[in-house]
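Worksheet: the structure to be examined is printed underneath.
Just so it is clear, none of the values below were taken in a lab; they were calculated from the coordinates. Quick caveat, the model's predicted, so the values are computed rather than measured. FYI the Cβ positions are ideal-geometry reconstructions off the backbone, even for glycines, and counts take in every protein chain you see.
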Amino acid sequence: MSIQHSDNCVFCKIVSGAIPSNKVYEDDKILAFHDIAPVAPVHVLVIPKSHIKSAVDITPQDAEIVGHIFSKIPEIAKLLDIAEFRIVNNCGASAGQTEFHLHFHILGGRKMGNMG
Ligand code: 5GP
Ligand code: ZN
């Protein structure tokens, strides 16, 4: 699978190394790094290296990469030393998406409130 890159995408620049990040986990398909503005004691973003705009843009061809992200989350959580956590995806601006490169927030280290 070739890695798609989008110019002017912050997360593509993190993948390429043009913007530095505090990495937690990396392999050929995905990257996990600490959020620059954490809202919980542990706040990590997990992204595909390939540019997918948002959850609504996931194609059947992307299913493997999304499955790969979820299959690695237990390992990433172990690295972060969190047994329980919340996984968040904001899909679209009105839902709170500000970076239009698919990402899953891993939030932990405190009790989570209600959604919404
Ligand atoms: P969204 O609001 O799209 O669901 O989440 C985007 C997240 O990316 C935000 O939590 C924001 O703090 C984080 N973020 C934006 N720019 C950067 C950056 O340059 N580095 C890192 N590590 N996180 C970023
Ligand atoms: Zn991107």
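Can you tell me how many residues within segment 1-27 are acidic (Asp, Glu), over 12 Å from the mean Cα position of the chain (by Cα) and within 20 Å of residue 106 (Cα to Cα)?
1
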Only one of 56, 24 is more than 8 Å from ligand 1 (Cβ to nearest atom), surrounded by fewer than 15 Cβ atoms within 10 Å (Cβ to Cβ) and among the β-branched types (Val, Ile, Thr). Can you tell me which?
56
Which of the strands (runs of 3 or more DSSP E) found entirely inside segment 1-72 contain at least 2 residues meeting this: closer than 17 Å to residue 91 by Cα?
42-48
Which residue out of 76, 82 is in contact (Cβ under 8 Å) with a residue 24 or more places away in the chain, surrounded by 11 or more Cβ atoms within 10 Å (Cβ to Cβ), more than 13 Å from ligand 1 (Cβ to nearest atom) and outside any loop (DSSP other than H, G, I, E, B)?
76
Check on residue 87, in contact (Cβ under 8 Å) with a residue 24 or more places away in the chain and either assigned to a strand (DSSP E or B) or at positive phi (or both)
no
Residues of segment 35-52 satisfying the condition of being among the β-branched types (Val, Ile, Thr) and in contact (Cβ under 8 Å) with a residue 60 or more places away in the chain:
39, 42, 44, 46
